[in-house]
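Working notes for the structure below.
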Amino acid sequence: MGRMTRPEPPRLDLATIALRLAGQTALWQPLVKYDPISRHYARLVAAGDYEAWLLTWLPGQGTEWHDHGGSAGAFVTVQGTLTERHAWLGGNGAPTILPEARRLGAGSLRAFGTRHVHRVTNDELEPAVSVHVYAPALVEMNTYRPEGDLLIRTASQLVGENW
């Protein structure tokens, strides 16, 4: 008699979830606030299998190089323009910064897998707003510093302790 195998749970379509939430302006628009010191963020959804966040970005604000601790994700720029740079993770070496940058204007979607390392900034003169979805929910984020075209991991941030 053959072994019974459990079917894998259905994979979440994070891009579709992000686009759906981005379209629900009544959900996120009241949460838009700008902080001159750092990016503002507010949780939109805390479901069992994913979470969603609203982030606001004043001109010049951005993230450090970071990953999402093994979570996959997707984000939609709903206002303004964001710039994303990302790194290639090959083999066991350090992530390599790729030279091209993506400009993500209002309505742009960016989806990524569990091993994505990137940096997102608002390089424009107008504020930006984005909706982000992660699965599973974020529990850890690792930060990196550039050394030439390589990234060296510098810290690990844990939910509840560092953010």
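The values are calculated or read from the model by the stated rules, or taken from the named source; none is laboratory data. For clarity, every value in this text was computed on a predicted model and none was experimentally measured. Cβ atoms come from the backbone with ideal geometry, glycine included; neighbour counts cover every protein chain shown.
Comparison of Ala52, Ala47 shows that the only residue that is farther than 25 Å from Ile152 by Cβ, of a type in the set (Gly, Ala, Ser) and surrounded by fewer than 18 Cβ atoms within 10 Å (Cβ to Cβ) is Ala47.
Taking the criterion of being touching a residue at least 40 places away in the same chain (Cβ under 8 Å) and small (Gly, Ala, Ser), the residues of region 108-144 that qualify are Ala111, Gly113, Ala128, Ser130, Ala135, Ala137.
The criterion of being at pLDDT 95 or above and under 14 Å from Leu14 (Cα atoms) holds for Ala111. Of the listed requirements (1) of a type in the set (Gly, Ala, Ser); (2) in contact (Cβ under 8 Å) with a residue 60 or more places away in the chain; (3) touching a helix residue (DSSP H, G or I) at 6+ places or on another chain (Cβ under 6 Å); (4) surrounded by fewer than 21 Cβ atoms within 10 Å (Cβ to Cβ), Ala42 misses just one: (2).
When only residues in region 92-134 that are over 17 Å from His66 (Cα atoms) and of a type in the set (A, V, I, L, M) count, which is surrounded by the fewest Cβ atoms within 10 Å (Cβ to Cβ)? Selected residue: Leu125. For Gln29, the criteria (1) part of a loop (DSSP other than H, G, I, E, B); (2) free of Cβ contacts under 8 Å to residues at least 40 places away in the same chain hold in every case but one, which is (1).
Table: residues versus (1) modelled with pLDDT of 95 or more; (2) under 15 Å from the mean Cα position of the chain (by Cα).
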{"site": "Leu14", "(1), (2)": "yes, yes"}
{"site": "Gly48", "(1), (2)": "no, no"}
{"site": "Leu58", "(1), (2)": "yes, no"}
{"site": "Asp67", "(1), (2)": "yes, yes"}
{"site": "Leu104", "(1), (2)": "yes, yes"}
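Which residues, counting only those in region 94-135, are outside any strand (DSSP E or B) and either of a type in the set (Ser, Thr, Tyr) or out of contact with any strand residue (DSSP E or B) (no Cβ under 8 Å at 6 or more places or on another chain) (or both)?
Matches in region 94-135: Ser108, Thr114, Arg115, Leu125.
Answer yes or no: is there a residue in region 139-154 that is within 12 Å of the chain's Cα centre (by Cα) and either charged (D, E, K, R) or buried (at least 16 other Cβ atoms within 10 Å of the Cβ) (or both). Yes - at least one qualifying residue is present in region 139-154. Residues in region 32-45 that are part of a loop (DSSP other than H, G, I, E, B) and in contact with a strand residue (DSSP E or B) (Cβ under 9 Å, 6 or more places away or on another chain): Val32, Lys33, Tyr34, Asp35, Arg39.
Can you pull out the residues in region 69-91 that are outside any strand (DSSP E or B) and buried (at least 22 other Cβ atoms within 10 Å of the Cβ)? So that I can check it myself, show each step before the final result.
We begin by selecting, within region 69-91, every residue outside any strand (DSSP E or B); these are 69-71, 80, 89-91.
Within region 69-91, Ser71 is the sole residue that qualifies.
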